[in-house]
1. Taking the number of other C-beta atoms within 10 Å as the exposure measure, put Tyr172, Tyr160, Tyr79 in order starting with the fewest.
2. Explain nothing, just the number: relative contact order of the range 144-297, from Cα pairs under 8 Å at least 6 residues apart, as a whole percent.
3. What distance in nm separates the simple spin-label points at Val288 and Glu105, each placed 7 Å from Cα in the Cβ direction?
4. In 5 Å bins starting at zero, report the fraction of Cα pairs in the range 108-202 per bin as a rounded %.
5. So, in Å, what gap is there between the alpha-carbon centers of the range 86-100 and the range 114-135?
6. Please express the shape of the range 3-296 as an equivalent ellipsoid: the semi-axes are the square roots of 5 times the eigenvalues of the C-alpha gyration tensor, given largest first in whole angstrom.
7. If the chain between Ala112 and Asp48 were fully stretched, how many nm would it gain, using 0.36 nm times the residue separation less the Cα-Cα distance?
8. Report relative contact order for the chain in percent, whole number only (criteria: Cα-Cα under 8 Å, sequence separation at least 6).
Amino acid sequence: MTARRSRLLAASGGIVADLMVGEPPLSPHPVSLFGTLMGGVERHLWADDRARGVAHAAAGVALSATAGRLLRSTAAATYLSVAGRGLRDAAAAVADALAAGDLAEARVGVRALVGRDPETLDEAGIARAVVESVAENTVDAVVAPALAGALGGAVGALSYRGVNTLDSTVGYRNERYGRYGWASARLDDLANWVPARVTAGLVAVVRPREAAGVWRAVREDAPAHPSPNAGVAEAAFAAALGLELGGATVYAGVVEDRPRLGRGRPPEVDDVAGACRLSRDVTVALAVALAVAGVVG
């Protein structure tokens, strides 16, 4: 078996492991440990300067790539990098809190999924935030790391997870990270460009009756989104679920009017379960596609 076919099968196996087992019972989790180490790098490097931010991003990529070289196993690296089941479990926990009428608990839970201000969100706002997070993070937590493992083996999978973690820690447009986190944010945009569009294609495949609407939303609605990748995934999910996403969003006290994605109704609590099912179906479709590609070469 060629190395390429082996990587495809191993990446598929990593996805299946996450589907069946969820997060590995490791303490500390390797991604958490990476974040801690990069926090130390930030304390030594930080300045309101893009060059320092480039150095931070380079150190993070080098560290995660080295971990991949040491681990060597594409299946294990993909399993460590994929977090689809954890994403769906976190989303379901917020939906359960909303269903029980516990808005305070739902606001606590949604902090793990979105960066917006949870105190400003009512039940409808939380439902929308969770659906949007499931859509966007199906790219970050499933499709992108799996494709990185299939193409680049253990080094590829863990390097992607490192890039995505850098973006989630310093890739913000605020006073502290506007310059320092610029390189990490742009690197994450580049790493997710193809996976976001593969995700939209998989959404159309697993929801064939809505495929035309998915393509229309991705083509017409997504370009107005400030993220070149999140808008693609969110537009695809919105069309497949018959929803309209976007609208007023509050980050650090600042209101952003996000573009409308899709042509349906506003999300409700029950739509979180639908978004999770769609994310799971996309995950299964990707695992099958990689396995078939590995078998037939």
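Each value in this text was obtained by applying a stated rule to the coordinates, not by laboratory testing. Note that this is a predicted model, so its numbers are computed, not measured. In this analysis, Cβ positions are derived from the backbone assuming ideal geometry, glycine residues included, and neighbour counts consider all displayed protein chains.
1. Tyr172, Tyr79, Tyr160
2. After rounding, I find 16 percent.
3. Output for this residue pair reads 3.6 nm.
4. 3, 13, 19, 20, 20, 15, 8, 2, 1
5. 12
6. They are 28, 25, 18 Å, listed largest first.
7. So the extension gain works out to 20.3 nm.
8. Reported as a whole number, the value is 25 percent.
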